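**Student:** Just passing along the structure, written as structure tokens.
The values are calculated or read from the model by the stated rules, or taken from the named source; none is laboratory data. Computed from a predicted structure; not experimentally measured. Here Cβ is always computed from backbone atoms with ideal geometry, including for glycine, and neighbour counts include all displayed protein chains.
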Amino acid sequence: MITKAKIDNFIDKIPPSPKILKVTLMLLDNGELVKAAQIAQQDLALSAYLKLLVNKPIYGFKNKVEDVSQIFGILGVSRSQQAVYNYMISLLSPDKWQLFKLNKNSFENLQADLSANWQKILSHLNIADKDITNAITLLPASIIVSEALFCDELENVNLLRSVNEIDLNTILKRLSGLDLFDICALIAKKWDINEESSAILQAAAGNKPSKDISINILGQWMHLLLFYTLSQTQYIEAELNDFIDFQIEYVQDIYDDFSTVMEIA
Amino acid sequence: MRAVVRNGVGVFTPQGFLDGNNSASFLSIEDIQATTKLNADMILVSLKKVIFFNRNGLDAFVKMFIKVRLAHHTTVGFCDYDTKKYDAINKFYKNELNFCLFRTQEIASLFAASFKNKNKNILLYSDDKSQTAAMAIELHDNGHNPLIAQTLEEFNTKSKAKEAYDIIINETYLGQMGQKVATRVTGNAIIYTVSSFLDAEIGNTFNIAYHNNSLNVGFRLFIFDAYKVVSMNVHALNFFSKLSSSAAEYNATICFVGLTFEKTPITFKETLEDSGIMFFQQMDDILKNKELLDELGASSAASVKSKRVITKGIVTELPNFIDATVGTIEMMTNAKAVKEAAQVNKIKIGDKKDKIASSIGFYGDIDGMIILVFPHDIAKKACELLIGEKTDDTEMILDTLAELVNIVGGKVKTLLFEANIKVDITLPRTYQDLDSLLEVVQDKKGVQVDLAFDNDKFLFFLTR
């Protein structure tokens, strides 16, 4: 059973963002890359995460990047912040995935794929806003929330879905009144993540368009990017392809642009 | 990825992008094997949530179509596409389009023999005249009223008057249709649909395991809808004679409806009558004649000569059955269940008012039947999760209840499998009023467990 109490319990258990991360993000926000790198280096797990992240093939660096200050220097302010937020979200991921066939490495790959392609989209849209760059980091949180809430209900969910085409987001909404993206927004609030990022994420659910046109357009791009990413072999095999409903009508009018940006034949 | 099966139609719904790199990931070998075992009347791949596909992306599904059709004569194809996608599929498979294309799932269901709603007014257009004729014949045979638009202009004009038609069909293509013997349940009778030429192939297309288990769980009237049969040969004659003999052991009756003997020797009719098979001109001659239905056994399913008793094997597995039922209803209603009483006896239902029921049979290493009696309100609440909205439409609630019981059956199957007991499940049956349920089970002994969900009473009965 998934009740409101279970959701509240999940939110309560989310720790506040660690102090080092807060300070790193604040310094990055002020454009102080060197100082931010010095602070970030004190957290060994964060340093290791950043090194792994930026050396993934999708980031496309020719030489291995080893040093945090070098990483921040290459990425610049917005993408460095994005990388730190990705690390924060990864702290919520379970040690052992049960609902989805993921592991630490594949989840980090998913974060990297989304972040790198989001950057391509923002370049295409001529957007360099830090908060909009960071918004993508919240998207994988919806997968973590699904895992956390549904992992004990695996069998029930599978049986339900064997007779009815129903996604996890809809099941959660009908059972508790909240959907995955509402819960991600609660996490964002707890971690003082900018409200605009939350608003874009809500629009990216695909079934509740924003009244703000610019946020809605970003929501469309993010929704399509999610399904472009979840159509990759490793994520289909991780059973992520249909965890939420793809709203094809919502993204129809940006598809041609999207296929150009992603170089889809 | 697995197909969602409703009313004998299995539908795959891939999402996003479908190309040569990922299509094999959508369908593993196990998925294909599971699909061939489904025994559905129709297997479809919905393209409504696919924004991009190429030929390589569709090929994995087309290969599955071939395997499924070879195994069970199932109708296979794609559905839920727009004009652009329809044109693309036609371009990719120009001279090798041996599967069906249905613009929507609703259109596909019109061609499924197990589709319950008949008598639809349908506007039909295809630029291929042979396709138009094939579709019109199928629709007419399935009890609908197709109106053919001869030209695209005529179609465009007529399709503007949307209210004049229940369904409008265009951009649809009938590839090789399945010739499986479709099954549907009406009240306490099971109706099999047979068509064209009946020969030795009937032994492959008729699901004998399903038939035998329907006998086991209490069905006593089996009707062959034979309006579309052209003729039968001696192999089919032998098949039906044997079927009738085995049915006689259960006091069951087999009937043929609508079979003509223009191209079938009239001596075949005499042979079949000698083996106990009855013949009727119209389906309504049986289904609308309550006295005849009683006489034929459709409302006396419990009158088995040797009454089957509940066994120790089934009682031992009772916790599994209860867990499956409680877990499912708890999930669907988000309410906690409390077990109030359990006893071995004949079914006892206190207040029959505002209650509906559903049953599902299981067979294999052990066999029996699960009966669930729901207060109307619990049924409504449980169905809200599947329907997504509140409804008072009794037919919709009963249909959804059947799905819910199907989930319980599926869960029982899984739990028993974990205990190394292999079973299959029958189609679920629903009862709008409890008198019709009692006609079937009132003399059977079984295990009754009374449960309460919040304050609503709910009854579970396990019998054979």
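**Student:** In region B:314-331, how many residues are more than 8 Å from every other protein chain (Cβ to nearest Cβ) and in contact (Cβ under 8 Å) with a residue 60 or more places away in the chain?
**Tutor:** Residues in region B:314-331 being more than 8 Å from every other protein chain (Cβ to nearest Cβ) and in contact (Cβ under 8 Å) with a residue 60 or more places away in the chain: 12 in total.
**Student:** Right, here's the next one. Out of region A:160-177, which residues are of a type outside the set (V, I, T), outside any helix (DSSP H, G or I) and free of Cβ contacts under 8 Å to residues at least 60 places away in the same chain?
**Tutor:** Across region A:160-177, the qualifying residues are A:N164, A:E165.
**Student:** In addition: So, of the residues in region B:1-14 that are within 9 Å of chain A (Cβ to nearest Cβ) and either more than 17 Å from B:Y81 (Cβ to Cβ) or hydroxyl-bearing (S, T, Y) (or both), which turns out to be nearest to the chain's Cα centre (by Cα)?
**Tutor:** Per the stated criteria, the residue is B:R6.
**Student:** Take the residues of region B:242-296 that are assigned to a helix (DSSP H, G or I) and basic (K, R): which is nearest to B:Y192 (Cα to Cα)? Explain how you work it out, then say what you get.
**Tutor:** Keep residues of region B:242-296 that are assigned to a helix (DSSP H, G or I), which gives B:242-248, B:266-274, B:284-287, B:290-296.
Next cut, basic (K, R) only: B:242, B:269, B:290.
Working: B:K242: 16, B:K269: 18, B:K290: 20 Å.
My answer is B:K242.
**Student:** In region B:15-24, which residues are at the interface with chain A (Cβ under 7 Å from one of its Cβ atoms) and either in contact (Cβ under 8 Å) with a residue 60 or more places away in the chain or touching a strand residue (DSSP E or B) at 6+ places or on another chain (Cβ under 9 Å) (or both)?
**Tutor:** Scanning region B:15-24 gives B:Q15, B:G16, B:F17, B:N22.
**Student:** Still on this model: Restricting to region A:5-29, name every residue that is under 12 Å from A:S80 (Cα atoms) and surrounded by fewer than 16 Cβ atoms within 10 Å (Cβ to Cβ).
**Tutor:** Result: A:M26, A:D29.
**Student:** Could you give every pair whose Cβ atoms fall below 7 Å, whose first residue belongs to region A:141-159 and is without any contact (Cβ under 8 Å) to a residue 12 or more places away in the chain, and whose second residue is crowded, with 23+ Cβ neighbours inside 10 Å and of a type in the set (S, T, Y), counting only separations of at least 6 or pairs across chains?
**Tutor:** A:N156/B:T328
**Student:** Moving to a separate point now. Give me a count of the residues in region B:49-91 that are in a loop (DSSP other than H, G, I, E, B) and either over 21 Å from B:N22 (Cβ atoms) or touching a Ser or Thr at 6+ places or on another chain (Cβ under 7 Å) (or both).
**Tutor:** The qualifying residues number 5.
**Student:** Take A:I248 and decide whether it is without any contact (Cβ under 8 Å) to a residue 60 or more places away in the chain, more than 18 Å from A:L114 (Cβ to Cβ) and within 13 Å of chain B (Cβ to nearest Cβ).
**Tutor:** So A:I248 fits the description; yes.
**Student:** What is the residue count in region B:37-48 for residues that are part of a loop (DSSP other than H, G, I, E, B) and under 27 Å from B:T426 (Cβ atoms)? Steps first, answer last, please.
**Tutor:** Looking only at region B:37-48, we keep the residues that are part of a loop (DSSP other than H, G, I, E, B), and these are B:37-41, B:47-48.
Then keep just the ones that are under 27 Å from B:T426 (Cβ atoms); that gives B:37-41.
Of the residues in that region, 5 qualify.
**Student:** Identify, please: which residue in region B:178-195 is modelled with pLDDT under 80, farther than 15 Å from B:A40 by Cβ and more than 14 Å from the chain's Cα centre (by Cα) and is, among those, surrounded by the fewest Cβ atoms within 10 Å (Cβ to Cβ)? Spell out the reasoning first.
**Tutor:** Let us first name the residues in region B:178-195 that are modelled with pLDDT under 80, namely B:178-189, B:195.
Remaining after also requiring farther than 15 Å from B:A40 by Cβ: B:185-189, B:195.
Next cut, more than 14 Å from the chain's Cα centre (by Cα) only: B:188, B:195.
Numbers: B:N188: 21, B:S195: 18.
Checking each candidate, the answer is B:S195.
**Student:** Could you list all residues from region A:180-222 that are outside any helix (DSSP H, G or I) and among the polar types (S, T, N, Q)?
**Tutor:** Passing the criteria: A:N194, A:N207, A:S210.
**Student:** Quick one: count up the residues across region B:49-90 that are aromatic (F, W, Y), surrounded by fewer than 21 Cβ atoms within 10 Å (Cβ to Cβ) and more than 14 Å from chain A (Cβ to nearest Cβ).
**Tutor:** 1
**Student:** Could you check B:D294 against (1) over 23 Å from B:A402 (Cβ atoms); (2) modelled with pLDDT of 75 or more; (3) surrounded by 12 or more Cβ atoms within 10 Å (Cβ to Cβ) and say which number it fails?
**Tutor:** The failed condition is (2).
**Student:** Filter region B:125-146 for residues that are modelled with pLDDT under 90 and not in a helix (DSSP H, G or I) and give the result.
**Tutor:** First pass over region B:125-146, keeping only residues modelled with pLDDT under 90: B:126-146.
Correct list: B:S126, B:D127, B:D128, B:N142, B:G143, B:H144, B:N145, B:P146.
**Student:** Within region A:53-63, is even one residue free of Cβ contacts under 8 Å to residues at least 40 places away in the same chain, surrounded by 19 or more Cβ atoms within 10 Å (Cβ to Cβ) and farther than 26 Å from A:K189 by Cα?
**Tutor:** There is at least one residue in region A:53-63 that is free of Cβ contacts under 8 Å to residues at least 40 places away in the same chain, surrounded by 19 or more Cβ atoms within 10 Å (Cβ to Cβ) and farther than 26 Å from A:K189 by Cα.
**Student:** Looking only at region A:174-190, filter to residues that are within 14 Å of chain B (Cβ to nearest Cβ) and of a type in the set (A, V, I, L, M); which one of those is farthest from A:L201 (Cα to Cα)?
**Tutor:** Checking each candidate, the answer is A:L175.
**Student:** Mind listing whichever residues of region A:206-221 are away from every other protein chain (no Cβ under 14 Å) and either of a type in the set (A, V, I, L, M, F, W, C) or under 20 Å from A:L110 (Cα atoms) (or both)?
**Tutor:** A:I213, A:I215, A:I217, A:L218, A:G219
**Student:** What's the total number of residues in region B:429-464 that are small (G, A, S) and surrounded by fewer than 23 Cβ atoms within 10 Å (Cβ to Cβ)?
**Tutor:** Residues in region B:429-464 being small (G, A, S) and surrounded by fewer than 23 Cβ atoms within 10 Å (Cβ to Cβ): 2 in total.
**Student:** Let me ask something else about it. For region A:75-84, check the following and say yes or no: at least one residue is more than 25 Å from A:H223 (Cβ to Cβ), of a type in the set (A, V, I, L, M) and either over 22 Å from the mean Cα position of the chain (by Cα) or exposed (fewer than 15 other Cβ atoms within 10 Å of the Cβ) (or both).
**Tutor:** The answer is no, given that none of the residues of region A:75-84 is more than 25 Å from A:H223 (Cβ to Cβ), of a type in the set (A, V, I, L, M) and either over 22 Å from the mean Cα position of the chain (by Cα) or exposed (fewer than 15 other Cβ atoms within 10 Å of the Cβ) (or both).
**Student:** Out of all the residues in region B:25-43, which are surrounded by 17 or more Cβ atoms within 10 Å (Cβ to Cβ) and within 11 Å of chain A (Cβ to nearest Cβ)?
**Tutor:** Selection gives B:S25, B:F26, B:L27, B:L38.
**Student:** Assuming A:Y235 fulfils every condition listed in (1) more than 21 Å from B:Y81 (Cβ to Cβ); (2) in a helix (DSSP H, G or I); (3) more than 10 Å from chain B (Cβ to nearest Cβ) apart from one, which condition is it?
**Tutor:** (3)
**Student:** Give the residues of region B:12-24 that are crowded, with 20+ Cβ neighbours inside 10 Å and at negative phi, sorted by residue number.
**Tutor:** Our first condition is that a residue be crowded, with 20+ Cβ neighbours inside 10 Å; within region B:12-24, this holds for B:12-18, B:22-23.
Within region B:12-24, B:F12, B:T13, B:P14, B:Q15, B:F17, B:L18, B:N22, B:S23 qualify.
**Student:** Follow-up. Just to be sure, is B:S46 surrounded by 18 or more Cβ atoms within 10 Å (Cβ to Cβ), within 13 Å of chain A (Cβ to nearest Cβ) and touching a Cys at 6+ places or on another chain (Cβ under 7 Å)? Spell out the reasoning first.
**Tutor:** Numbers: surrounded by 18 or more Cβ atoms within 10 Å (Cβ to Cβ): yes; within 13 Å of chain A (Cβ to nearest Cβ): yes; touching a Cys at 6+ places or on another chain (Cβ under 7 Å): yes.
For B:S46, the condition - surrounded by 18 or more Cβ atoms within 10 Å (Cβ to Cβ), within 13 Å of chain A (Cβ to nearest Cβ) and touching a Cys at 6+ places or on another chain (Cβ under 7 Å) - is met.
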